[in-house]
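Here's the structure we're looking at; comments come further down.
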Amino acid sequence: MLFTDKTAFISGATRGIGKAIALRLAKEGANIVIAAKSVEENTKLGGTIFSAAKEIETAGGKALAVQCDIRFEDQIKNAVDKAVEKFGGIDILVNNASAISLTSTEQTEPKRFDLVNDINVRGTFFVTKACIPYLKKANNPHILTLSPPLNMDPKWFHKHIAYTISKYNMSMMTIGWAAEFKNDRIAANALWPRTTINTAAVRNILGGEMLAKMSRTPDILADAAFYILRQPSDECTGNLFIDEQVLAKEGITDLEKYSVVTGAKLYNDLFV
């Protein structure tokens with residue numbers, strides 16, 4: 001139980017990938033801080049910070065639900081302060097909260113451009129900044145950001161420049177943090193799926209139920225995150241991981257259990 005009494009601060013842990021990672025760490029005895037916006041359930045998205053907290057506690061962890069919109073520094077500070085007050089510190093930060101907008105330049109309105117950059121880039125940066133003083137005090141501190149490998153192939157840009165640069169910025173910050181905090185033994189890594197993942201974004205924005213059935217469950221990223229976060233922080237840092245690669249290194253190559261539909265042809269995710 002490497003995560004017993006360790007505290008993980010997870011942005012956007014109400015549903016999807018963030019909640020799956022939270023539940024995986026909770027099973028190992030971790031304390032989970034659910035820093036997210038949803039306090040009332042949206043029927044299209046499902047779940048609130050409170051329902052996620054109940055699931056985490058049922059899974060074996062301790063939970064703290066804090067309403068937090070990471071676009072606002074005062075809400076970030078409040079969430080971090082409450083986390084430290086309740087659990088005494090922060091050992092792990094998972095930058096999961098993200099906004100998606102797959103629009104071309106001509107279709108991208110200023111408010112949409114600002115949203116993806118305010119959440120994905122600015123929010124991720126300032127959540128990390130707020131957690132750094134406590135990560136410096138942890139025994140095996142990790143920052144894990146849900147962002148893709150960097151690839152300058154124009155095909156990843158030309159259809160949705162605003163979104164791509166926001167996600168790539170998250171990965172570039174990861175590389176920067178790995179170097180900046182090397183002497184503090186704070187690991188900084190990124191994680192991304194090879195296939196699409198059955199989340200609200202896939203069902204509601206990208207491809208509906210058809211694409212969801214060609215996807216994997218968020219559990220594959222939760223397991224990959226588990227294996228990354230248990231590594232020594234001074235040895236495993238500066239990586240832009242793909243979930244399959246992480247599991248293969250652990251000797252896990254049969255990934256059928258993660259498929260939404262057994263035997264279905266899987267659809268590659270963006271940026272892979």
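Brief remarks follow.
- Candidates 256, 250 - the one that is of a type in the set (Asp, Glu) and over 21 Å from the mean Cα position of the chain (by Cα): 256
- Here 145, 124 are screened, and the one residue that is open to solvent by less than 10 Å² (accessible area, probe 1.4 Å), of a type outside the set (A, V, I, L, M) and in a helix (DSSP H, G or I) is 124.
- The single condition among (1) more than 19 Å from residue 269 (Cβ to Cβ); (2) in contact with a His (Cβ under 9 Å, 6 or more places away or on another chain) that residue 189 does not meet is (1).
- Criterion violated by residue 140 - all others in (1) more than 18 Å from residue 116 (Cα to Cα); (2) open to solvent by 70 Å² or more (accessible area, probe 1.4 Å); (3) not acidic (Asp, Glu) satisfied: (2)
- Elements of type helices (runs of 4 or more DSSP H) in region 155-272, at least 3 residues being open to solvent by 20 Å² or more (accessible area, probe 1.4 Å) and under 21 Å from residue 2 (Cα atoms): 219-229
One line per residue, one yes/no per condition, for (1) of a type in the set (Phe, Trp, Tyr); (2) closer than 22 Å to residue 117 by Cβ; (3) touching a residue at least 12 places away in the same chain (Cβ under 8 Å):
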{"position": "28", "(1), (2), (3)": "no, no, yes"}
{"position": "38", "(1), (2), (3)": "no, yes, yes"}
{"position": "42", "(1), (2), (3)": "no, no, no"}
{"position": "48", "(1), (2), (3)": "no, no, yes"}
{"position": "57", "(1), (2), (3)": "no, no, yes"}
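- Filtered by the rule that a residue be within 18 Å of the chain's Cα centre (by Cα) and either over 17 Å from residue 168 (Cβ atoms) or at pLDDT 95 or above (or both), region 101-117 gives 115, 116, 117.
- Scan of region 1-12 for residues that are more than 15 Å from residue 46 (Cβ to Cβ) and assigned to a loop (DSSP other than H, G, I, E, B), ordered by number: 1, 2, 3, 4, 5, 6
- From the list 198, 189, the lone residue that is of a type in the set (S, T, N, Q), without any contact (Cβ under 8 Å) to a residue 60 or more places away in the chain and in contact with a strand residue (DSSP E or B) (Cβ under 8 Å, 6 or more places away or on another chain) is 189.
- Residue 2 being at pLDDT below 95 and within 26 Å of residue 138 (Cβ to Cβ): yes
The values are calculated or read from the model by the stated rules, or taken from the named source; none is laboratory data. Just so you know, these numbers come straight off a predicted model, no measurement behind them. Cβ atoms come from the backbone with ideal geometry, glycine included; neighbour counts cover every protein chain shown. Heads up: the accessible areas ignore ligands, DNA and RNA and are worked out on the full protein's heavy atoms, side chains in. Shrake-Rupley method; radii C 1.70, N 1.55, O 1.52, S 1.80 Å.
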